[in-house]
Amino acid sequence: MSGRPRVFVSRQIPDAGLDPILDATDARVWEDDLPPPRGELLQAIAGCDGVLTLLTDRVDDEFLDAAGPELKVVSNYAVGFDNVDVEACTRRGVPVGNTPGVLTDTTADLAFALLMAAARRVVEGADYVRAGKWQTWGPLLLLGPDVHGATLGIVGFGRIGQAVARRAQGFGMSILYQDVRPADPSVDEALGARFVSLDELLATSDFVSLHVNLTDDTRHLLDAAAFKRMKGSAILVNTSRGPVVDTDALVEALRAGTIGGAALDVTDPEPLPAHHPLLGLPNALVVPHIASASHATRGRMAEMAAANLLVGLRGERLPTAVNPEVYDR
């Protein structure tokens, strides 16, 4: 035995984070592209001092039981942590880390890219060309709504929602937002944004972009009733969490023309099976959870996740702890 801490890393991460972990610990890294099956995950973490998890790894009482009393830290390679039972970790004195802040602008970039791509039917156009259908310029070919001057409704006006609003300003969009409370008036003024009820936002927005955490209150926030309140031409963008949207209701709304389209980075279930009805709809654009997928952002996330893990192994306070109350025990 080396005497170094035992660690399990549940997927390959960029070297900026992985190298420091390998240098300081006895680490086992799951090398498959797919996440470890539940049974193998629970076996792999047995007796570990620390675990670096991804959103695909459920951290709950079963996980904590399998790890055992040696577990000092769980470092989640993500901003979100809806895969973690934070209360269960806190009860057992296990700090949980995440990677906030670093992916704000990168995620906002993708949200706006999805908005633009759905509005201007970019993917449909590319598929049209590849299929050999492009014969001539056509006055009615692949028409879509303008983005400039349109109304954007942002649901969840935290860091990412506000970053999306900054991008929308460059297109002269009218910006509405909904959150649990209004932002500081200085933020509203700087972004030209207006706090409204969810009903007003849905009824008046040409584009609706979701940026909320997944909670009991936000699960299926966009359901059949919500879609009926939206414009028939409206486009939904989701870069938050898949279950914020009722998938069955979305499929029906897109099929029936209740709304104009959807552009999704996240889905429920995730990943979508290849035969899922969403993937057969021309007005649905789905990409595989790539909002933070830039070299710089994923590297910085790896550095933050490694820092949380290594600091936690030393019994020190995590730089970005999800449950700082664990230190008050």
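Structure notes:
- Of all residue pairs spaced 6 or more apart or on separate chains, those with beta-carbon atoms under 7 Å, a first member in the stretch 274-302 that is within 17 Å of L54 (Cβ to Cβ) and a second member that is in a loop (DSSP other than H, G, I, E, B) and of a type in the set (G, A, S) are R298/S292; M301/S292.
- Qualifying positions in the stretch 310-324 - over 23 Å from I13 (Cα atoms) and within 25 Å of the chain's Cα centre (by Cα): N323, P324
- Selection status of V164, modelled with pLDDT of 95 or more, part of a strand (DSSP E or B), under 30 Å from L52 (Cα atoms) and of a type in the set (A, V, I, L, M): no
- Filter pass, G144 being free of Cβ contacts under 8 Å to residues at least 12 places away in the same chain and part of a loop (DSSP other than H, G, I, E, B): no
- For the stretch 274-309, a tally of residues being open to solvent by less than 50 Å² (accessible area, probe 1.4 Å) and either more than 24 Å from I259 (Cα to Cα) or within 17 Å of the chain's Cα centre (by Cα) (or both) returns 16.
Yes or no, residue by residue, for (1) over 20 Å from E270 (Cα atoms); (2) polar (S, T, N, Q); (3) modelled with pLDDT of 95 or more:
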residue	(1), (2), (3)
V155	yes, no, yes
D184	yes, no, yes
H211	no, no, yes
D216	no, no, no
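- Considering the stretch 287-323, the residues that are of a type in the set (S, T, N, Q) and assigned to a loop (DSSP other than H, G, I, E, B) include one that is modelled with the lowest pLDDT, namely S292.
- Failed criterion for E325 (all others in (1) open to solvent by less than 50 Å² (accessible area, probe 1.4 Å); (2) over 28 Å from Q178 (Cα atoms) hold): (1)
- Residue, nearest to the chain's Cα centre (by Cα), within the stretch 1-29, restricted to residues that are among the hydrophobic types (A, V, I, L, M, F, W, C) and not in a helix (DSSP H, G or I): I13
- Those residues of the stretch 142-156 which are open to solvent by less than 20 Å² (accessible area, probe 1.4 Å) and either over 30 Å from the mean Cα position of the chain (by Cα) or not aliphatic (A, V, I, L, M) (or both), in sequence order: G153, G156
- Within the stretch 3-20, tally of residues that are over 10 Å from D49 (Cβ atoms), in contact (Cβ under 8 Å) with a residue 12 or more places away in the chain and not hydrophobic (A, V, I, L, M, F, W, C): 7
- Of the residues making up the stretch 170-189, those that are open to solvent by 20 Å² or more (accessible area, probe 1.4 Å), within 23 Å of the chain's Cα centre (by Cα) and of a type outside the set (K, R) are Q178, D179, V180, P182, A183.
The values are calculated or read from the model by the stated rules, or taken from the named source; none is laboratory data. Small disclaimer: the values here were computed from a predicted structure and weren't measured. Reconstructed Cβ throughout: ideal geometry from the backbone, glycine too, with neighbour counts over all protein chains shown. Keep in mind that these areas ignore ligands, DNA and RNA; they rest on the heavy atoms of the full protein, side chains included. Shrake-Rupley method; radii C 1.70, N 1.55, O 1.52, S 1.80 Å.
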